[in-house]
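Below is one structure, written out as structure tokens; the observations come after it.
The values are calculated or read from the model by the stated rules, or taken from the named source; none is laboratory data. Remember, it's a predicted structure, so these values are computed and weren't measured experimentally. Positions of Cβ are backbone-derived with ideal geometry, glycine not excepted, and every protein chain shown enters the neighbour counts.
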Amino acid sequence: MPHNNLPHPDMITRSEEFRQVLTPELFAYLLSLIPTPEKYAAMHERFEGSVTGFLKGDPEMVKQCEEARIELNKAMSIVQGIGKAVSVVDPTVQEKLGIVHQKASSSSAALTAAKDLRLFFDKNDQPYCSVTRLAGAKGYDLWFCEGEPSVESNWKLLTWSSSCQGIYLTGLNRTRTNYLKLRGKRGNELGPWSNMVILPPV
């Protein structure tokens, strides 16, 4: 635990600071952010119901499916994060939530290139991108280019994400054409580049 090595006087100081900010109002707000079983079930059904349209290529359903996936990812991450946090009190909670800790394979297969990097926009017209999960990848490097995409030096790292779905494209100059590509990452190992997508200016 992060405070185990603090001397007792420092721990008293830190705990007092924490006690001051942990008000009943903040605690109630934290609880309100946790999806209830009913809310989670509704999110799951929304995502499940949109997948058919996504697979058919219906543009509106593709957008709805991606938005539903983002919301479901957030809800699942919150619940799993809580399970991990309370495991210091009850380690069985993670098992009850189906969180399985797998041992890393000693001979991992080489990372492959993503072939379906795609763009989509949420209801506020904010840009995101998604890609099918790459086997063995622990994260994804997303790069962008505002100039000639065939010139390697024009490419810069935009963001890193542990998720392959709903990567928010923040920090881009939307008055210019942006070229985007992605590659999987595992430790110091980098996979090959994905297909390139183009985000037009607005």
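Is it the case, given these coordinates, that L72 is within 24 Å of Q126 (Cβ to Cβ) and loosely packed, with under 11 Cβ neighbours inside 10 Å?
Working: within 24 Å of Q126 (Cβ to Cβ): yes; loosely packed, with under 11 Cβ neighbours inside 10 Å: no.
When the stated conditions are applied, L72 does not pass them.
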Report task. Being of a type in the set (A, V, I, L, M) and either under 15 Å from F120 (Cα atoms) or outside the structural domain of N124 (by TED's automatic domain parsing) (or both) is the filter here, so list the residues in the stretch 173-202 that pass it. Result -> L180, M196, V197, I198, L199, V202
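From the list S108, S130, S87, which residue is within 27 Å of M61 (Cα to Cα) and either surrounded by 10 or more Cβ atoms within 10 Å (Cβ to Cβ) or at pLDDT below 90 (or both)? Let's see the steps before the verdict.
On the way: S108 fails: within 27 Å of M61 (Cα to Cα); S87 fails: within 27 Å of M61 (Cα to Cα).
Going through S108, S130, S87 in turn, just one is within 27 Å of M61 (Cα to Cα) and either surrounded by 10 or more Cβ atoms within 10 Å (Cβ to Cβ) or at pLDDT below 90 (or both): S130.
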Report summary line: For the stretch 55-67, the count of residues that are part of a helix (DSSP H, G or I) and either at positive phi or surrounded by 15 or more Cβ atoms within 10 Å (Cβ to Cβ) (or both) equals 7
Query raised in the report: If you go through the stretch 8-54, how many residues are assigned to a helix (DSSP H, G or I), in contact with a helix residue (DSSP H, G or I) (Cβ under 9 Å, 6 or more places away or on another chain) and among the aliphatic types (A, V, I, L, M)?
Result: 3
Query raised in the report: For the stretch 126-159, which residues satisfy the criterion of being of a type in the set (A, V, I, L, M, F, W, C), in contact with a Phe, Trp or Tyr (Cβ under 7 Å, 6 or more places away or on another chain) and in a strand (DSSP E or B)?
Result: W143, F144, C145, L157, L158
Report task. Can you tell me which residue within the stretch 1-41, out of those that are out of contact with any Leu (no Cβ under 9 Å at 6 or more places or on another chain) and among the charged types (D, E, K, R), is nearest to I78 (Cα to Cα)? Result -> K39
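Scan S194, S163 and give me the residue that is part of a loop (DSSP other than H, G, I, E, B), under 19 Å from K63 (Cα atoms) and small (G, A, S). Show your work before the answer.
Working: S194 fails: under 19 Å from K63 (Cα atoms).
Just a single option satisfies the conditions, and that option is S163.
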Query - Single residue of L157, L142 found to be within 16 Å of Y179 (Cα to Cα) and either exposed (fewer than 14 other Cβ atoms within 10 Å of the Cβ) or touching a Gly at 6+ places or on another chain (Cβ under 8 Å) (or both) - result: L157
Report task. Go through (1) at pLDDT 90 or above; (2) over 26 Å from P59 (Cβ atoms) and name the single condition Y179 misses. Result -> (2)
